[in-house]
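See structure below.
Coordinate-derived values only; no laboratory data. Just so it is clear, the structure is predicted and the values come from calculations on it, not from any experiment. Note that each Cβ is placed from the backbone with ideal geometry, even for glycine, and that neighbours are counted across all protein chains shown.
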Amino acid sequence: MPDAVLVAVAWPYANAEIHVGNLTGAYLPADIFARYQRLRGRKVLMVSGSDAHGTPITVRADAEKSTAMDVYQRYHNGFLDLFQKVGLTYDLFTSTHTDNHFNVSQKIFLALKENGLLYTDRQMQWYAPSQGRFLPDRYVEGTCYICGFTNARSDQCDHCGNLLDPALLIEPRSKIDGTRPELRETEHYYLDLAKLQPAIEEFLHQRELYWRPNVLRQSLGQMQADSLHGRAITRDLDWGIPVPLEGWDGKCLYVWFEAVIGYLSAAIEWSCLYGKDEEWRDWWHAPSVRSYYFIGKDNIPFHAIIWPGQLIGCGTKFDELIGSNPPAHLVLPYDVPANEFMNLEGQKISGSRNWAVWVRDFLSRYDPDPLRYYLTVNMPETKDTDWAWEDFYKRNNDELLATWGNLANRVLSFAYKNWDGRVPDPGELTGEDTELLELVEGGFQTVAEEMEAVHLRAALAEAMRLATEVNKYLDQTAPWLAIKTDRQAAARSIYTAIRAIDSLKIMLAPFLPFTSEKLHIFLGYDQPLFGEQAVETKVDALGEHNVLVYRPGKASGRWEASQIKPGRSLNPPQPLFRKLDARIIEEERAKLGR
Ligand SMILES: [Zn+2]
C-alpha cells in the first residue's frame, strides 16, 4: 500500500434527508475504510460535500416558495450535524456552492476545451415566454402521446414508464405557472466521449483484476453495447456554475459534470483551509496514490467512465491553467467499490412514501454503533440486502452484545473488582494463553487483508470470529470459578483476555468508533484512538458556507497488537451496548409508510 490514500465519497443532493440505504451504500464504508487507513498510519484525505446545484433543488425551492440557496443550506447544515452523530470523519465535507469549486470546475471545463474535447451543438429545449427563460425537462408536464396519461413529465411518463421525446408531448404546460411553453433552439457544450473512449477502455482493463465484478461488468458492458457518444455538459439554468465564456450568460455547467469535480476541488479547499496550499498534490499528482470512490451502483457510469474521461481529457492542462510548476497529470481512480442497494422489510426504500429508516430519527432512539454494526454485517457489497427490524434486534442482542459487549464488560468488571482496579499480574503465561494471543493478534493480518480489498463485511466477520475465540477460552479457563481456588490461574486468564480485548478494540474501532473509544478509556488509556470532528464557517465571494472537518489532534490508535502491562490502572467499566426489547420490532414496523 502507498502512503497516501484518497477516500472520495459520493456527494449527497442537498434536497433530501439521509436514510440507512444512503449510509450503507457509500458514506459508512468510506468512513470505515478511512479510519482503518488512519490506524495504519497512512496519509488519508476523506472528502465530499453537498451537491448544491441541479434541478431537484430548484424544483423543491419553487414548491416551497423559497430559494435554492435556502434549500441547499438547510439540508447541508443538517448533514453536518448528522455526520457527527454517526461518526463520519470527513477531513472535509464542503459543498459545490463555493468560490473554490466554481473556479476549479471552470478550469476543468477550459482545460477540456483547450484540449479539443468539447464541441458545441444545438438542440430544442422548452422555453417559457411568460418568464423569459428556458425550462428544464422536469418543469414541463403534459399528456403522454403513448398512453394518454395527462400528468406525464416531458421526458418520461410515470404511467406507462416510457421515455418521451419532449417535442411530441401533447398540450405541454409549465409546472411553475401553468402557461404553455414552446420549443426553442438552444446551444450547448458537449463532452466528446467518443474521442475519449479508447483511453477509458484502457483505464478499465488495467483494473480488471481487482475491481468488483458488478462494477466492471456494468462499465465495460455499457461501452460494448453502445459506443460512447457526446453528452451535453451545459444547461439553460441560472442556479449553478456559470459557463466561463463570453456570450454564454444564463447557462450553467450541468450538475453531473461539475459535482464529480468536487473530489478535486475539495482537496484543494482542504489544503487552503490549513494554509498548506500545495498539499492537495500529495493526493492528486503522485502516481503511487490510491484513490477509492465510495458510491452507490446508480452512480457507476459517472465514476467509472465519465469522471476518468474528464481526468484523462485534462492531461496536464488543468495544472497549466492554475499555474502548477511543473504541470502534472491528475491521478485516476484506483478503485470504485460501488455498493448495491439496501431494501427495507422486503421493499425498495422510498422517501416519498416514507418507507425508510431515517438516520436522524433512528438516532433519537438508538446508539450509533449498533447502527454501524448492523449496516456493515448487512452491507450490499455484492448484492442487494434488506433491513429487517427483527434482524436488527437479533444482531444487536445475539451478536454485538452477546459476543463482544458482554465479553468486554464481564472481563473488565471482574478485573476491576478483584484486582483493585488494575490489570492483574499473570506471572508466566501458559501455552493455552499464548495460543489465544497469537490467534487474536493474527487478526492484524487477516482483518487487514479484507480491509485492503474493501471487503468490509468479511473484515468485521473475522474480527467477531476472534472475539468468539476469546469467549471459548474464558469458558475453558473459567476465571470466575478459578479465583476461589487458584488466584494466580484466574489472574493469568483475565490478563490474557484483557490483552486480547485490547487488540480486538483496535480491529473493531473502524466499525464501532464510539464504543471502542469508551473501552479504550476503561482500559486506562488517556489519549483517544481517533481525532475530533468540528464545524467551521468559511466566507468567500459567494457568501458563507459551513464545512465539517476532522482534526487528528491527539489521535493515538495504531494498528498493532496490545502491549498492555500488568498493574495498569483501569477506569470503572460500564456496558458498551444496550439490550433491546423485542417489542421494538412491531413498534418500528408500525411506523413505516405512515
Ligand atoms: Zn404514458
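Computed values, structure above
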quantity: Cut-off 19 Å (backbone N to label point 7 Å along Cα→Cβ of LYS383), residues of the stretch 305-347; calculated: 338-347
quantity: With Cα atoms, 0 to 90° folded angle of helix 406-418 axis to the chain main axis; calculated: 40 degrees
quantity: Whole-Å semi-axes of the ellipsoid equivalent to the stretch 448-497 (Cα gyration tensor, √5λ, descending); calculated: 33, 9, 5
quantity: Debye-sum result for the stretch 192-237 in log10 I(q)/I(0), which assumes one identical scatterer on each alpha carbon, at q = 0.13, 0.23, 0.24 Å⁻¹; calculated: -0.36, -0.83, -0.87
quantity: Derived scalar couplings ³J(HN,Hα) [the stretch 329-335; Karplus, 6.51 cos²θ - 1.76 cosθ + 1.60; whole Hz; x for Gly, Pro]; calculated: 7, 8, 6, 7, x, 7, 8
quantity: Mean separation of Cα contacts under 8 Å (6+ apart) over length of the stretch 214-273, as relative contact order %; calculated: 24 percent
quantity: Ratio of the Cα radius of gyration of the stretch 543-594 to 2.2 N^0.38 Å, where N counts its residues; calculated: 2.19
quantity: Charge sum, other residues only, whose C-beta stays under 10 Å from ASP99's C-beta, Lys/Arg counted +1 and Asp/Glu -1; calculated: -1
quantity: Over the stretch 528-569, volume per residue of the alpha carbon convex hull, in Å³; calculated: 77 Å³
quantity: Cysteines without a disulfide-compatible neighbour (Cβ-Cβ under 4.7 Å), the chain; calculated: CYS252, CYS272, CYS314
quantity: Rh by Kirkwood over Cα pairs, then Stokes-Einstein D for the stretch 275-320 at 1.567 mPa s and 4 °C, µm²/s; calculated: 104 µm²/s
quantity: Radius of gyration and maximum dimension Dmax of the stretch 335-388, Cα, Å; calculated: 12.0, 36
quantity: Two-decimal ratio, the stretch 197-353, of alpha-carbon radius of gyration to 2.2 N^0.38 Å; calculated: 1.18
quantity: Cross-link partners of LYS538 among aspartates and glutamates (Cα-Cα below 12 Å; sequence separation of 8 or more within a chain); calculated: ASP99, GLU269
quantity: Cut-off under 5 Å, modelled amide H: who pairs with ALA4 long-range; calculated: LYS43, ARG290
quantity: For the stretch 157-202, alpha-carbon Rg relative to the globular expectation (2.2 N^0.38 Å, N residues); calculated: 1.84
quantity: Anchor LYS65: lysines whose Cα lies under 22 Å away (excluding residues fewer than 8 positions away in-chain); calculated: LYS175
quantity: Loop GluC sites (Glu not before Pro), the stretch 402-436, which have at most 12 other Cβ atoms in a 10 Å radius of their Cβ (DSSP); calculated: GLU428
quantity: Inverse of mean 1/r across different Cα pairs in the stretch 36-88, Kirkwood, Å; calculated: 13.2 Å
quantity: Euclidean distance of C-alpha centroids, the stretch 383-461 and the stretch 18-54, integer Å; calculated: 24 Å
quantity: Percent of beta bridges antiparallel (DSSP, the chain, rounded to nearest 5); calculated: 65 percent
quantity: Radius 13 Å from Cβ of ASP121, net charge of other residues (Lys, Arg +1; Asp, Glu -1); calculated: -1
quantity: Rounded if a/c under 1.5, otherwise prolate or oblate - the stretch 326-440, Cα gyration tensor axes; calculated: oblate
quantity: Overall form of the stretch 456-536 per C-alpha gyration tensor (a/c, 1.5; a/b vs b/c); calculated: oblate
quantity: Whole-Å semi-axes of the stretch 490-559's equivalent ellipsoid (Cα gyration tensor); calculated: 37, 10, 8
quantity: Of the GluC sites (Glu not before Pro) in the stretch 170-234, those whose Cβ has at most 10 other Cβ within 10 Å and which sit in DSSP loop; calculated: GLU208
quantity: Pair-distance profile P(r), taking every C-alpha pair of the stretch 94-140, with 10 angstrom steps and integer %; calculated: 20, 25, 41, 14
quantity: For the chain, diffusion coefficient by Stokes-Einstein and Kirkwood Rh (Cα), 4 °C, 1.567 mPa s, µm²/s; calculated: 49 µm²/s
quantity: Whole-Hz ³J(HN,Hα) from phi, Karplus 6.51 cos²θ - 1.76 cosθ + 1.60, for the stretch 302-310, glycine and proline x; calculated: 6, 9, 9, 10, 6, 5, x, x, 4
quantity: Kirkwood-type radius of the stretch 42-154, with distances r between different C-alpha atoms, in Å; calculated: 17.9 Å
quantity: Under 5 Å, built H, 5+ apart or other chain: amide partners of LEU542; calculated: ASP99
quantity: Alpha-carbon Debye profile of the stretch 227-276, log10 I(q)/I(0) at 0.18, 0.26 Å⁻¹; calculated: -0.70, -0.93
quantity: Extension gain, TRP248 back to ARG568 (0.36 nm per residue minus Cα-Cα distance, nm); calculated: 108.3 nm
quantity: Where the Cα pairs of the stretch 358-417 fall when distances are cut into 10 Å bins, in %; calculated: 19, 44, 26, 9, 1
quantity: Volume per residue that the Cα convex hull of the stretch 1-85 spans, once the total is divided by residue count, Å³; calculated: 100 Å³
quantity: Trypsin sites (Lys or Arg not before Pro) within the stretch 358-393: DSSP coil, no more than 10 neighbouring Cβ in 10 Å; calculated: ARG365, LYS383
quantity: More than 20 angstrom apart: percent of Cα pairs within the stretch 220-307; calculated: 55 percent
quantity: Over the stretch 292-397, relative contact order from alpha-carbon pairs under 8 Å, at least 6 apart, %; calculated: 29 percent
quantity: For the stretch 386-449: Kirkwood Rh in Å [reciprocal of mean 1/r, alpha carbons]; calculated: 14.7 Å
quantity: Ellipsoid equivalent to the stretch 138-221 - semi-axes via the Cα gyration tensor, in Å; calculated: 39, 18, 10
quantity: Whole-number percent relative contact order across the chain, with pairs defined as alpha carbons under 8 Å at least 6 apart; calculated: 17 percent
quantity: Helix-only [θ]222 nm of the chain, DSSP H runs n ≥ 4, -39500 (n - 2.57) each, per residue, nearest 500; calculated: -12500 deg cm²/dmol
quantity: Nearest-ten-degree value, helix 487-508 long axis tilted from longest Cα axis of the chain; calculated: 10 degrees
quantity: Positive minus negative residues near TYR210 (Lys, Arg vs Asp, Glu; Cβ under 15 Å); calculated: -2
quantity: Distance-filtered residues of the stretch 68-89 - backbone nitrogen under 18 Å, label point 7 angstrom along CYS272 Cα→Cβ; calculated: none
